[in-house]
Amino acid sequence: MSTGQLTRRALVSALAAPAILKIVPARAQADYPNRPIRLIVGFAAGGGNDIFARLVAEKASALLGQSVVVENRPGAGGRLSAEYVSNQPADGYTLLVGASGAMSIAAAIYPDLKYHPTKTLTPLAMIASFPLIMAVSAEHPAKTVKELVEWAKEHRDKANYAASSPAFIIPIELFKLKSGMPGVMIPYKSSNEMILSLIEGQTMMTIADGPPTVPQVNAGKIRALAVTATTRSAELPDVPSMAEAGYPSVDVHLWSGVFAPAKTPAPIVAKLEKSLSEAIRDPGVSAKLKAMAVDPGGGPADDFRRQIDSDIVKYSEVVKAANLKFEE
């Protein structure tokens, strides 16, 4: 074989190689998924986010034709799992169930966070969201939000609030900024302890999640003054929204959603978005989510991304205005 023939053959091989390399990942994307998908949850089994994940995983498995396996990796309020998934191969086989506390709130309060919910991760679908509830003791004289603000201003030495995490501190501090209400934070380990502190008269008020709050409201042990939304909650139809109470900007919803590593190929992202949305909007899944007193998600992924970015801006402004400091 002549030198010219060798040169031409080498040139043809060199030109063909990139085409072959392009075909392989394209085929992998077309075949996706061809093995089980891991769904990482940053909380222990049995909690709300774990239940959300298992509900969606079961239906998504049927839609995708592959097992979606829930894996619990608790720690640091869900931040460890988010960092872990951010550093996994962007192939669609390792996904994250992330809660707003570890995502938009963490991005707003921790300057050295090692991941970002819309930069190192790709939002795929919101699973569920829910407003919080402002509550006081059933014995407290305030019957409305504005009466509470007035009472706190008149009794500054008794103006305090119970909180167990930034997810509750930030909404209360936002309300303080909008209303001028004074209040010193008293730390507790859980939202259950926050509610107990109201019942026992240790704190003036709190803003907490529904599961520990609603049963005590229904039992008459605490009084719900408002929900942190622009509309009323189906769970507490007689309780006004913050908008009705005169504070429409105190519109805070916690949420849980599914994320993939940021560089996941667009065809895989599109397939996951479609399947997850269908799984969440499935009547059976939606009914089970509603039974947990949350609003089912399943809307467009772009809407979810915009909400996350908007939340980060809103929470960052509260942190700056209230001069809040949080330790990781």
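Just a few scattered comments:
- For the chain, the share of DSSP beta bridges that are antiparallel, to the nearest 5, is 60%.
- Restricting region 119-181 to GluC sites (Glu not before Pro) in coil, as DSSP defines it, with at most 16 other Cβ within 10 Å: Glu139
- Note on Lys178 and Glu71: the extension gain reaches 34.5 nm, defined as 0.36 nm multiplied by sequence separation minus the Cα-Cα distance.
- Most tightly packed first, judged by the mean number of other beta-carbon atoms within 10 Å of their residues, the peptides 196-208, 305-317 read 196-208, 305-317.
- Sorted by Cβ density within 10 Å, fewest first, the residues Val239, Val227, Val85: Val239, Val85, Val227
- (1) 54, 41, 39; (2) 112, 57, 41; (3) 99, 41, 31, with the label sought being that of the calculated Cα extents along the principal axes in Å: (3)
- Taking region 133-227 and dividing mean pair separation by its residue count, relative contact order in percent (alpha carbons under 8 Å, at least six apart): 47 percent
- Proximal charge balance of Gly257 [Cβ under 12 Å; K/R count +1, D/E count -1]: -2
- Residue-count net charge about Tyr110 - beta-carbon cut-off 10 Å; Lys, Arg +1, Asp, Glu -1: -1
- Lys189/Ala262 FRET efficiency (R0 25 Å; Cβ-Cβ; nearest 0.05): 0.15
- Rough spin-label spacing in nm, given labels placed 7 Å along Cα→Cβ, for Thr230 and Leu324: 2.2 nm
- The chain: DSSP helices with Cα axial extent of at least 18 Å and average Kyte-Doolittle hydropathy no lower than -1.0: 3-31, 48-64, 166-179, 266-281, 301-321
- Counting only DSSP H runs of at least 4 residues, each contributing -39500 (n - 2.57), and dividing by the residue count of the chain, the helix-based mean residue ellipticity at 222 nm comes to -14000 deg cm²/dmol.
- In this structure the amide hydrogen of Asn72, modeled in the peptide plane, comes within under 5 Å of the amide hydrogens of Val41, none closer than 5 places in sequence on its chain.
- 16 Å reach of a label modelled at Ala219, 7 Å along Cα-to-Cβ, counting backbone N of region 185-207: 191-202
- Inter-label distance, Glu147 to Ser310: 3.3 nm, where each label sits 7 Å from its Cα along the C-beta direction.
- A crude spin-label estimate for the pair Lys119 and Ala90, with each label 7 Å from Cα along the Cβ direction, gives 1.4 nm.
- Multiplying the residue separation of Glu200 and Ala138 by 0.36 nm and subtracting their alpha-carbon distance yields 21.3 nm.
- Amide H within-cut-off set for Thr94, under 5 Å, with H built and near neighbours excluded: Arg38
- Shape category assigned to region 65-145 from the gyration tensor of Cα positions, a/c cut at 1.5: prolate
- For the residue pairs Lys158/Lys189; Lys114/Lys288; Lys178/Lys325; Lys119/Lys320; Lys59/Lys314, alpha carbon separations beyond 28 Å are given by Lys114/Lys288; Lys59/Lys314.
- Per-residue Cβ neighbour counts within 10 Å put Ile186, Ile172 in the sequence Ile186, Ile172, beginning with the fewest.
- Overall dimensions of region 189-328 as given by Cα atoms, namely Rg and Dmax in Å: 18.1, 55
Any read-out appearing in this document is the output of simple, stated calculations on the displayed coordinates, not a laboratory observation. Being a predicted model, the structure only gives us computed values, none of them experimental. For neighbour counting, all protein chains shown are included, and Cβ atoms are generated from backbone atoms with ideal geometry for every residue, glycine included.
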